[in-house]
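Inspection log for the structure reproduced underneath, given as structure tokens.
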Amino acid sequence: MIADGSIEKRLRAFGELADGEIDLAEAALTLARAARPHVSEAPYRRHIESLIEEVGVYAGTPPNSLELRVESLRRVIFRRYGYGGDEGVFDDLDSANLMFVIDRRRGLPVVIGLLVIHVARRLGWNADGIDFPGRFLARLEDGPRRMIVDPFEDLAEMSPFALRVLLKTVSGNDAELTPAMFEPMENRAILARIQNNLKVRLLRARRVEDALPVIENMILLDPTNAGLHRESGLIHARLGLIDQAIEKLESYIRLSPSESGRYRVSILIRDLRAGRNET
């Protein structure tokens, strides 16, 4: 899963962009190719362009209603091309890779949701990701009107009742909806959620060496994220790569706003240096 030089260069370029300038699909394809360096992205780009064109044709000439926009996305992406989800994707690492998802038409909610959001935005529609507890959701807006839909369930509309049921299923009967649950996700956050799915599964499988390049790619996309540098440093230390661990942890100290966090990491760096000098 280690990216070649060209992929690293592209991810670094995305990391230098303002969040709103990041092309979600292009960034996700770049991350996908990091795991499949010998596979061309061209067919996948053509497929995405076909989705955009066909959804636009189905929706017709603007102005089109919010309901028609959602129905156009549903009819083309989910009915015509057969995208969807099943419980098996949550145990499959490839379900977080956009190339594999396009090949199989099956994937994690966040990957399918990314496709939906990208297509909608390319057509000039307002669309965002929602980091709802337990499920990535998408929201489309048209002026004051909003519709929240589930990319894992053929863009089924999520009513307040359905959202409440989902929340209580995930977080317990005492959980209640709050405005914070409906804040739109930044592009980097959507991409990070995809990578986090990979990272968590690899770490659970004790594939620490495979998890490290996933984190490194996340850092390229989000270079000022102090937490990622800390996580990379800890994993480097776990693998016995002390010099690299110190470098990453020093980056955390430089970037972190947390005084207590910086202090704890400085102690760790001291211990790593002491242990290195003793060997």
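Quick look at the numbers
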quantity: Selected residue [part of a helix (DSSP H, G or I) and either open to solvent by 40 Å² or more (accessible area, probe 1.4 Å) or more than 24 Å from GLU247 (Cα to Cα) (or both)] from LEU191, LEU228, LEU220; calculated: LEU191
quantity: Residue within segment 38-48 that is among the hydroxyl-bearing types (Ser, Thr, Tyr) and in contact with a Lys or Arg (Cβ under 8 Å, 6 or more places away or on another chain) present; calculated: no
quantity: Subset tally (residues that are more than 15 Å from ALA28 (Cα to Cα) and open to solvent by less than 30 Å² (accessible area, probe 1.4 Å)) for segment 200-217; calculated: 5
quantity: Members of segment 173-188 found to be closer than 20 Å to LEU29 by Cα and open to solvent by 60 Å² or more (accessible area, probe 1.4 Å), listed by number; calculated: GLU186
quantity: Filter result for ILE242 (open to solvent by less than 50 Å² (accessible area, probe 1.4 Å), farther than 22 Å from LEU11 by Cβ and either of a type outside the set (Gly, Ala, Ser) or more than 26 Å from the chain's Cα centre (by Cα) (or both)); calculated: yes
quantity: Residue within segment 78-91 that is closer than 15 Å to ALA28 by Cα and either open to solvent by less than 40 Å² (accessible area, probe 1.4 Å) or of a type outside the set (Ser, Thr, Tyr) (or both) present; calculated: no
quantity: Residue in segment 63-70 that is among the polar types (S, T, N, Q), open to solvent by 60 Å² or more (accessible area, probe 1.4 Å), free of Cβ contacts under 8 Å to residues at least 40 places away in the same chain and farther than 18 Å from VAL111 by Cα present; calculated: no
quantity: Any hit, segment 172-188, residues being of a type outside the set (A, V, I, L, M) and farther than 29 Å from MET147 by Cα; calculated: no
quantity: Subset of segment 129-157 (residues that are in a strand (DSSP E or B), farther than 20 Å from PRO63 by Cβ and among the acidic types (Asp, Glu)); calculated: ASP131, ASP150, GLU157
quantity: Qualifying residue in segment 87-102 (condition: within 30 Å of ARG146 (Cβ to Cβ) and of a type in the set (D, E, K, R)); calculated: yes
quantity: Members of segment 194-217 found to be among the small types (Gly, Ala, Ser) and part of a helix (DSSP H, G or I), listed by number; calculated: ALA211
quantity: Segment 259-279: number of residues that are loosely packed, with under 14 Cβ neighbours inside 10 Å and touching a residue at least 24 places away in the same chain (Cβ under 8 Å); calculated: 3
quantity: Any helices (runs of 4 or more DSSP H) falling wholly within segment 1-63 and containing at least 2 residues that are under 23 Å from ASN225 (Cβ atoms); calculated: 5-15, 24-35
quantity: Test: residue in segment 75-82 that is free of Cβ contacts under 8 Å to residues at least 40 places away in the same chain, outside any helix (DSSP H, G or I) and at negative phi; calculated: yes
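The values are calculated or read from the model by the stated rules, or taken from the named source; none is laboratory data. None of these values were measured; they are calculated from a predicted model. Positions of Cβ are backbone-derived with ideal geometry, glycine not excepted, and every protein chain shown enters the neighbour counts. Calculation scope for accessible area: heavy atoms of the full protein, side chains included, ligands and nucleic acids excluded. Shrake-Rupley method; radii C 1.70, N 1.55, O 1.52, S 1.80 Å.
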